[in-house]
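Please read the structure below before turning to the comments.
The values are calculated or read from the model by the stated rules, or taken from the named source; none is laboratory data. On a predicted model such as this, the values are computed, not experimentally measured, just so you know. Note that each Cβ is placed from the backbone with ideal geometry, even for glycine, and that neighbours are counted across all protein chains shown. Note: areas computed on protein heavy atoms with side chains; ligands, DNA, RNA excluded. Shrake-Rupley method; radii C 1.70, N 1.55, O 1.52, S 1.80 Å.
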Amino acid sequence: MHFFEYKDGQLFAEGVPAAELARKFGTPLYVYSAATLRRHFEAFDSAFAGVPHLTCYSVKANSNLSLLSLLKDCGAGMDIVSGGELHRALTAGVSPDKIVYSGVGKRADEMRQALAAGILMFNVESAAELELLSAIATDMGKTARISLRINPDVDPKTHPYISTGMKKNKFGLDIESSLATYQRAMALPGIEPIGIDCHIGSQLTSLDPFLEALDRIMRFHERLSGLGLKITHLDLGGGLGIPYNDEEPPHPTEFGEALVKVLKDHPMTVILEPGRVIAGNSGILLTEVVYTKKTPTKDFIIVDAGMNDLVRPSLYGSFHAIREVEPKGRPDVDVDVVGPICESGDFLAKDRNIPAVEQGELLAVFSAGAYGFTMSSNYNSRPRAAEVLVDGDKVTLARRRETLDDLIALEKN
Ligand code: LLP
């Protein structure tokens with residue numbers, strides 16, 4: 001459910017016509033809906049009301065400060081994976097004791113930064129990381145609260161690039177080595193093991209892999225209790241999918257109910273790290289048709305947003321709905337919607353059936369709020385798009401469009 005709707009024959013972002021935003025801020029333009037973000041956060045968070053919990057929004061999905069600040073005001077904590085994301089979360093005013101830090105390759109300087117900030121928990125992903133964290137924390141006279149990220153070896157049945165909880169993936173520790181690593185953690189100075197962590201993948205459209213992973217984690221938890229270790233935090237990661245096209249992922253309420261049923265008799269604080277389910281359908285990408293082009297085999301719609309702006313279709317073959325901003329009622333045609341980048345992999349849609357559009361008209365690419373702007377780049381020396389946040393009738397320029405001078409500002413001539 002989102003607040004991008006057609007009224008009086010044109011697309012609105014909440015109370016504002018999308019075409020007006022494109023005129024004012026130019027294209028390509030990311031447009032986010034504050035009401036949708038709040039609604040998604042509240043639906044997700046309230047699904048876990050039955051257990052003590054902390055919903056840590058996954059910053060990687062969309063790290064714009066205006067969004068982080070809005071979600072912080074809803075009560076969100078943050079899940080981060082770099083010193084850069086920590087800097088953003090703290091700048092947005094998120095309390096450090098609501099920040100958890102995941103990632104297989106945390107550097108020493110990033111550990112120092114997070115220890116100095118006093119974050120809630122490091123999700124440690126290897127024995128080597130644990131040793132380094134202990135050395136750094138001891139050196140700083142601090143204690144690092146940690147969980148180990150367990151790789152439960154469950155197939156999340158999603159795109160292979162975003163499956164993370166299978167044996168062959170680089171993430172976490174397998175269950176057997178984890179037991180010994182927890183024992184090591186209990187003995188190490190500067191380390192306080194408080195949690196268990198797990199994240200099996202992204203864009204999951206079924207409950208089963210989540211429940212299977214939870215079952216394995218809970219059995220592992222019992223074995224840990226046998227070591228005399230008291231676990232107070234259970235981090236179940238993110239991963240709940242969203243409808244991009246015809247997917248039917250579980251509703252957050254259903255997701256929450258199923259997990260709470262298993263968790264309610266265990267006195268632990270449950271941490272969740274949703275990204276896509278909060279931000280994905282809270283954003284669209286507006287783009288202008290630069291040219292239309294017919295070839296003997298294909299018709300192309302060439303738009304001013306490319307794979308540098310939204311890489312998901314090129315990288316994962318992902319589907320994003322594309323609709324006219326001001327529908328003209330023309331018949332449907334089969335087209336490729338492509339960007340201006342010099343690669344044949346630069347497309348937003350392939351063999352898509354959409355109404356015919358003409359040069360100068362606007363298209364909206366839906367479900368672009370998560371992993372859209374955050375994965376954008378300057379490839380082909382294209383300044384990155386602007387981002388606006390709409391809240392009712394109010395529009396905030398959440399990030400100004402990059403300029404040509406921004407492109408070269410850090411370089412030596
Ligand atoms: N926690 C951890 C440790 C993660 O690695 C991720 C996502 C999340 C939470 C949030 O997952 P979500 O709720 O958003 O599914 N670029 C890809 C998605 C990569 C996800 C990486 N990890 C895409 O565009 O589909």
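Per the listing Arg401, Arg330, the residue uniquely over 21 Å from Ala22 (Cα atoms), in contact (Cβ under 8 Å) with a residue 24 or more places away in the chain and out of contact with any His (no Cβ under 6 Å at 6 or more places or on another chain) is Arg330.
Evaluation of Thr55 against the conditions (1) in contact with a Leu (Cβ under 7 Å, 6 or more places away or on another chain); (2) under 30 Å from Met111 (Cα atoms); (3) not in a strand (DSSP E or B) shows that the sole unmet condition is (3).
Here Leu397, Leu389 are screened, and the one residue that is modelled with pLDDT of 95 or more and either crowded, with 23+ Cβ neighbours inside 10 Å or not in a strand (DSSP E or B) (or both) is Leu389.
Checked against (1) in contact (Cβ under 8 Å) with a residue 60 or more places away in the chain; (2) loosely packed, with under 14 Cβ neighbours inside 10 Å, Gly345 meets all criteria but (1). Any residue at all in the stretch 61-78 that is buried (at least 20 other Cβ atoms within 10 Å of the Cβ) and among the acidic types (Asp, Glu)? Looking through the stretch 61-78, none of the residues is buried (at least 20 other Cβ atoms within 10 Å of the Cβ) and among the acidic types (Asp, Glu).
Residues that are in contact with a helix residue (DSSP H, G or I) (Cβ under 9 Å, 6 or more places away or on another chain), open to solvent by 10 Å² or more (accessible area, probe 1.4 Å) and either more than 25 Å from Gln203 (Cβ to Cβ) or part of a strand (DSSP E or B) (or both) within the stretch 284-338 comprise Glu288, Glu326, listed in sequence order.
Residue under question is Tyr6, and the condition is that it be among the aromatic types (Phe, Trp, Tyr) and crowded, with 23+ Cβ neighbours inside 10 Å; does it hold? Spelling it out, it is not the case that Tyr6 is among the aromatic types (Phe, Trp, Tyr) and crowded, with 23+ Cβ neighbours inside 10 Å. Would the stretch 248-258 turn up any residue that is at pLDDT 95 or above, among the hydrophobic types (A, V, I, L, M, F, W, C) and open to solvent by less than 40 Å² (accessible area, probe 1.4 Å)? Checked the stretch 248-258: at least one residue is at pLDDT 95 or above, among the hydrophobic types (A, V, I, L, M, F, W, C) and open to solvent by less than 40 Å² (accessible area, probe 1.4 Å).
Is it true that Leu404 is open to solvent by 50 Å² or more (accessible area, probe 1.4 Å), touching a Pro at 6+ places or on another chain (Cβ under 7 Å) and hydrophobic (A, V, I, L, M, F, W, C)?
Answer is yes for this residue.
Number of residues in the stretch 59-73 that are under 20 Å from Ile284 (Cβ atoms) and either touching a residue at least 40 places away in the same chain (Cβ under 8 Å) or within 13 Å of the ligand (Cβ to nearest atom) (or both): the value is 10. Quick one: count up the residues across the stretch 225-271 that are of a type in the set (Asp, Glu) and in a loop (DSSP other than H, G, I, E, B). Residues flagged as of a type in the set (Asp, Glu) and in a loop (DSSP other than H, G, I, E, B) within the stretch 225-271 amount to 4. The criterion of being assigned to a loop (DSSP other than H, G, I, E, B), of a type in the set (S, T, N, Q) and within 21 Å of the chain's Cα centre (by Cα) holds for Ser367. Evaluate the stretch 23-31: report whether one residue or more is surrounded by 23 or more Cβ atoms within 10 Å (Cβ to Cβ) and either within 24 Å of Gly141 (Cα to Cα) or in contact with a His (Cβ under 9 Å, 6 or more places away or on another chain) (or both). Scanning the stretch 23-31 turns up no residue that is surrounded by 23 or more Cβ atoms within 10 Å (Cβ to Cβ) and either within 24 Å of Gly141 (Cα to Cα) or in contact with a His (Cβ under 9 Å, 6 or more places away or on another chain) (or both).
Pairing residues of the stretch 74-101 that are within 16 Å of the ligand (Cβ to nearest atom) with residues that are open to solvent by 20 Å² or more (accessible area, probe 1.4 Å) and among the β-branched types (Val, Ile, Thr), at Cβ distances under 9 Å and at least 6 apart in sequence or on separate chains, gives Tyr101/Val81. Reported count of residues in the stretch 227-236, each being within 13 Å of the ligand (Cβ to nearest atom) and open to solvent by 30 Å² or more (accessible area, probe 1.4 Å), is 0. Val94 falls short on exactly one of the conditions (1) closer than 19 Å to Gly275 by Cα; (2) assigned to a helix (DSSP H, G or I), and that condition is (2).
Check Asn380, Asn353, Asn413 and return the single one that is of a type outside the set (Lys, Arg), part of a strand (DSSP E or B), open to solvent by 20 Å² or more (accessible area, probe 1.4 Å) and not assigned by TED's automatic domain parsing to the domain that holds Gly238. Quick ask: steps written out before the conclusion?
Working: Asn380 fails: part of a strand (DSSP E or B); Asn413 fails: part of a strand (DSSP E or B).
Answer to the check: Asn353.
Scanning the stretch 237-259 for residues that are β-branched (Val, Ile, Thr) and within 15 Å of the ligand (Cβ to nearest atom) gives a single hit, Ile242.
Go through the stretch 191-226 residue by residue and tally those that are of a type in the set (A, V, I, L, M, F, W, C), within 16 Å of the ligand (Cβ to nearest atom) and either within 20 Å of Ile119 (Cβ to Cβ) or open to solvent by less than 20 Å² (accessible area, probe 1.4 Å) (or both). Explain how you work it out, then say what you get.
Residues of the stretch 191-226 that are of a type in the set (A, V, I, L, M, F, W, C), as a first pass: 191, 194, 196, 198, 200, 204, 207, 210-211, 213-214, 217-218, 220, 224.
Narrowing further to those that are within 16 Å of the ligand (Cβ to nearest atom): 196, 198, 200, 204, 207, 210, 213-214, 217.
Add one more test, that the residue is either within 20 Å of Ile119 (Cβ to Cβ) or open to solvent by less than 20 Å² (accessible area, probe 1.4 Å) (or both), and what stays is 196, 198, 200, 204, 210, 213-214, 217.
Qualifying residue count, the stretch 191-226: 8.
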